[in-house]
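Data block below; observations after.
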């Protein structure tokens, strides 16, 4: 007799068939099928849950097999399925292969919530399973997918009653049936107002281009210039996810064990602390879970104070940015997780953050580097300190950043000027550009301009006349790499989409070049 369940492993996971066999012998439970410690401990939890729920546990030898037997199973989410498989083997309930069961059992017989229920429902649906019994806390999450009949239970007794009703009447009881919802709260008015702050027009324009085309962005400037504040407003202007994209994003959050109240319709925005490990950013662990780059799938990964991240963490982002996924290799297998994210990084111009900022202090003595405070700059970093600070990025990572924006502390004239553009207006422009791309790339597999490969660039970013002359002149002057060559064309295509232009013009090329190379900036060397 058997019951179906699920074990998270990578993005797809594994549908598990829990088989139970009762035979004469010394009473006890044996579990086969590469069961990890938490699964083997289910023997005692199941036995106590039976007794405390009023059920008689079979006084015989019980063999539990978890198929496929060659794949390691971990976690306590198999408890409820094991208990029901034992009941089915004892003849207390009918078995079946059309029902998936998830849940951790307490000794009292109550069912505790588990993670990955949406992923389990998706994997089960693909395997032809239509009925799901999960903890009540996770029921609305599992019910998000169409075609999944989900019942939420609070105890082993509830699960038995639901399964009996399903077998007798061919449907789940209405009192236990769950329904999914769309998640994501509306953005607060305060957040909308932040995008309308005065000044930093170039930065806000770059954010708009990044949101419309899915491009990576680096912003740097002194502390207090609004780098972080405006970057956190990027979700305000990004277009909503499609139904398919929302299911993928919600599934990844479910696999990571994050609370999922409903279908996530807004692009995710992840902002890990700079002390994060490579495993936390990329994903991994004993039972491989998604990292920050996968949780930012179809959204934004924002690295504030980016040079403070570990060098190995920063450099490990290069392959996922190109491949749009991450492959985590282990001794027994390799796991692939989606990672189609936008990288937005914020940095100071130097370790102390004062490079290029005039100091308000005036002292007669020179500092330890021979610079008089208050005369030219308030920076106390040596040239080696500054180069070491920027070298943490590495040329290969910076080459993948299409938009680079220097910002300065807003001037008095900026702060006293008229009202700035609103997030609603920017979101409308971004939405129109995203709609143009959706029509253009329908059936091609591309999502945004930033994902175009070399062959697609020739097709969708063709230049002619003044635009070709402007681009040729810029390339010859800058001496850029092949990746930067294509990056400028992708950004120019997005700028043209924002303007509603069918073809790329010279002005679109020049704006794309401006965002790639920032002229008189002291770090112009990093922009090519």
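The values are calculated or read from the model by the stated rules, or taken from the named source; none is laboratory data. Model, not experiment: these values are computed from the prediction. Using ideal geometry, Cβ is built from the backbone for each residue, glycine included, and neighbour counts are taken over all protein chains shown.
Look through the stretch 402-424, keep the residues that are more than 20 Å from residue 222 (Cβ to Cβ) and surrounded by 18 or more Cβ atoms within 10 Å (Cβ to Cβ), and return whichever of them is modelled with the highest pLDDT.
Per the criteria, the residue is 402.
Return the total of residues in the stretch 376-401 being assigned to a helix (DSSP H, G or I) and under 15 Å from residue 354 (Cα atoms).
Counting residues in the stretch 376-401 that are assigned to a helix (DSSP H, G or I) and under 15 Å from residue 354 (Cα atoms) gives 6.
Would the stretch 432-441 turn up any residue that is at pLDDT below 90 and farther than 18 Å from residue 206 by Cβ?
No, because not a single residue in the stretch 432-441 is at pLDDT below 90 and farther than 18 Å from residue 206 by Cβ.
Sort through 303, 321 and tell me the only one that's surrounded by 24 or more Cβ atoms within 10 Å (Cβ to Cβ) and out of contact with any helix residue (DSSP H, G or I) (no Cβ under 6 Å at 6 or more places or on another chain).
Step by step, each of 303, 321 is checked, and only 303 is surrounded by 24 or more Cβ atoms within 10 Å (Cβ to Cβ) and out of contact with any helix residue (DSSP H, G or I) (no Cβ under 6 Å at 6 or more places or on another chain).
Hey, can you tell me all the residues within the stretch 515-528 that are crowded, with 17+ Cβ neighbours inside 10 Å and either at pLDDT 90 or above or outside any loop (DSSP other than H, G, I, E, B) (or both)?
Answer for the stretch 515-528, where residues must be crowded, with 17+ Cβ neighbours inside 10 Å and either at pLDDT 90 or above or outside any loop (DSSP other than H, G, I, E, B) (or both): 515, 516, 526, 527.
Condition first: assigned by TED's automatic domain parsing to the domain that holds residue 6, more than 29 Å from residue 24 (Cα to Cα) and under 33 Å from the mean Cα position of the chain (by Cα). Can you find one or more residues in the stretch 159-176 that meet it?
Yes: one or more hits.
For the stretch 436-467, what are the residues that are part of a helix (DSSP H, G or I) and in contact with a helix residue (DSSP H, G or I) (Cβ under 9 Å, 6 or more places away or on another chain)?
Once the filter is applied, which keeps residues that are part of a helix (DSSP H, G or I) and in contact with a helix residue (DSSP H, G or I) (Cβ under 9 Å, 6 or more places away or on another chain), the stretch 436-467 yields 436, 437, 440, 449, 450, 451, 454, 457, 460, 466, 467.
Select from the stretch 452-476 the residues that are surrounded by 17 or more Cβ atoms within 10 Å (Cβ to Cβ) and over 16 Å from residue 496 (Cα atoms) and list them in ascending order.
Hits for the stretch 452-476 are 456, 474.
I'm checking my understanding of the structure. Among residues of the stretch 16-43 that are surrounded by 14 or more Cβ atoms within 10 Å (Cβ to Cβ) and out of contact with any strand residue (DSSP E or B) (no Cβ under 8 Å at 6 or more places or on another chain), which one is nearest to residue 87 (Cα to Cα)?
Only one residue tops the list, namely 41.
Please tell me if residue 24 is in contact (Cβ under 8 Å) with a residue 12 or more places away in the chain, in the same structural domain as residue 116 (by TED's automatic domain parsing) and more than 35 Å from the chain's Cα centre (by Cα).
yes
Could you look through the stretch 215-229, keep only residues that are assigned to a helix (DSSP H, G or I) and touching a strand residue (DSSP E or B) at 6+ places or on another chain (Cβ under 8 Å), and pick out the one that is surrounded by the fewest Cβ atoms within 10 Å (Cβ to Cβ)?
Checked the stretch 215-229; the qualifying residue surrounded by the fewest Cβ atoms within 10 Å (Cβ to Cβ) is 228.
Can you say whether residue 100 is more than 32 Å from the chain's Cα centre (by Cα) and crowded, with 19+ Cβ neighbours inside 10 Å, as far as the supplied structure shows?
When the stated conditions are applied, residue 100 does not pass them.
Of the residues in the stretch 44-74, how many are surrounded by 14 or more Cβ atoms within 10 Å (Cβ to Cβ) and closer than 30 Å to residue 335 by Cα?
Number of matching residues: 8.
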